[in-house]
Amino acid sequence: MTPARTTSHEPSASHRPHTGELLHDEALAAAFDHAARSYDRLVAANPGYHAHLRRSARRLRLPASGAGLRLLDLGCGTGASTAALLRTVPLAEITAVDASEGMLERAAAKRWPPTVRFVHAPVERLGAAGVNGPYDAAFAAYLFRNVSDPDAVLAAVRALLRPGGRLAVHEYTLSGRPSDRLVWTAVCRAVVLPAGTLTGDHGLYRHLWRSVVGFDTAREFAARVRRAGFDQVRTAPMPGWQTGIVHTVLGRAADGTASARLTGQGEAG
Ligand SMILES: C[S@@+](CC[C@H](N)C(=O)[O-])C[C@H]1O[C@@H](n2cnc3c(N)ncnc32)[C@H](O)[C@@H]1O
């Protein structure tokens, strides 16, 4: 696995988003409720979107079928990440959680096996929604950049995982190279913002642009994951235009003894 080519990077004042540019909590969920109707069409037009989710899911290195494993899909949206998990480990039991009712309705309307359940809740209140561990792995695709306190959410996820459980965070986390930030901004100006304007979701897609610019680099996010009690933390890049822009950040709930159920197996890609 090739580690991400990252350098420590603090966005300069001119690149850091102004507080008012970002959406949080209920306002963010409402924006996703509205965007849900066009979400699947927009991501289908993004080259590699689904293949990259599957790549991150494989990077969990779970046994091929997932039989007997309990997985979390945090911020499942319309179910694209859930489908990627299911394709990778079809026999696993998957709890898929999202704060947006509109996104979840789209997800739940799709065809799923009885091993998949959807839960309407913010990831900050999983216990109150009946999402209780232990889980064998947690997957979070395009979630952490959106939460107000990523350290608290990482700690809560760590607590839900059994010792040795796996984490894969698939996220727009820039490399720290100025050229990658420029590519991201060019893609947003040429494609993402105009598409958001067409669908009536300009605010959400502006949030997408600015939240990525203001969020951790892949290396900074990996450091957060370590601080939250994960070991074997590493970052892995994506191919395509997303190189240096999207990474998988992987970790293992630390305790020193990996479960026998999760030894061997899996694709590193
Ligand atoms: C960009 S979408 C990604 C959806 C899906 N994981 C995918 O890969 O296509 C981000 C999702 O995270 C959800 N989300 C954002 N903040 C959340 C929070 N605090 N708790 C639960 N879900 C949240 C949003 O409602 C949205 O559906």
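The values are calculated or read from the model by the stated rules, or taken from the named source; none is laboratory data. As the structure is a prediction and not an experimental result, all values here were calculated from the model. Every residue, glycine among them, receives a Cβ derived from its backbone with ideal geometry; neighbour counts consider all protein chains shown.
Figures for the structure shown
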| item | result |
| --- | --- |
| Conditions (1) touching a strand residue (DSSP E or B) at 6+ places or on another chain (Cβ under 9 Å); (2) touching a residue at least 24 places away in the same chain (Cβ under 8 Å): number failed by Gly130 | (2) |
| Spans of helices (runs of 4 or more DSSP H) in region 181-240 with at least 1 residues among the aliphatic types (A, V, I, L, M), under 18 Å from the mean Cα position of the chain (by Cα) and surrounded by 15 or more Cβ atoms within 10 Å (Cβ to Cβ) | 202-214, 218-227 |
| Criterion: among the hydrophobic types (A, V, I, L, M, F, W, C) and either over 21 Å from Pro150 (Cα atoms) or not in a helix (DSSP H, G or I) (or both) - qualifying residue of Ala30, Ala51 | Ala51 |
| Residues that are outside any helix (DSSP H, G or I) and either surrounded by fewer than 20 Cβ atoms within 10 Å (Cβ to Cβ) or of a type in the set (Gly, Ala, Ser) (or both), drawn from region 88-102 | Pro90, Leu91, Ala92, Glu93, Ala96, Ala99, Ser100 |
| Thr6 crowded, with 19+ Cβ neighbours inside 10 Å, at pLDDT below 95 and either part of a helix (DSSP H, G or I) or more than 16 Å from the ligand (Cβ to nearest atom) (or both) | yes |
| Index of the failed condition, Ser65 passing every other in (1) small (Gly, Ala, Ser); (2) within 22 Å of His52 (Cβ to Cβ); (3) more than 15 Å from the ligand (Cβ to nearest atom) | (2) |
| Criterion: out of contact with any Pro (no Cβ under 9 Å at 6 or more places or on another chain), over 24 Å from Gly130 (Cβ atoms), within 14 Å of the ligand (Cβ to nearest atom) and without any contact (Cβ under 8 Å) to a residue 60 or more places away in the chain - qualifying residue of Leu208, Leu193 | Leu208 |
| Residue check for Ala80: among the aliphatic types (A, V, I, L, M), over 16 Å from Val249 (Cα atoms), free of Cβ contacts under 8 Å to residues at least 60 places away in the same chain and near the ligand (Cβ under 9 Å from one of its atoms) | no |
| Count of residues meeting criterion [more than 14 Å from the ligand (Cβ to nearest atom) and of a type in the set (D, E, K, R)] in region 94-145 | 3 |
| Verdict on Leu22 being more than 23 Å from Ala129 (Cβ to Cβ), more than 10 Å from the ligand (Cβ to nearest atom) and either surrounded by 16 or more Cβ atoms within 10 Å (Cβ to Cβ) or among the small types (Gly, Ala, Ser) (or both) | yes |
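Listed here are the residues, each with its yes/no results for (1) assigned to a strand (DSSP E or B); (2) over 16 Å from the mean Cα position of the chain (by Cα); (3) surrounded by 16 or more Cβ atoms within 10 Å (Cβ to Cβ).
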{"site": "Glu124", "(1), (2), (3)": "no, no, no"}
{"site": "Asn132", "(1), (2), (3)": "no, yes, no"}
{"site": "Ala138", "(1), (2), (3)": "yes, no, yes"}
{"site": "Ser148", "(1), (2), (3)": "no, no, no"}
{"site": "Asp151", "(1), (2), (3)": "no, no, no"}
{"site": "Leu154", "(1), (2), (3)": "no, no, yes"}
{"site": "Arg158", "(1), (2), (3)": "no, no, yes"}
{"site": "Gly164", "(1), (2), (3)": "yes, yes, yes"}
{"site": "Val169", "(1), (2), (3)": "yes, no, yes"}
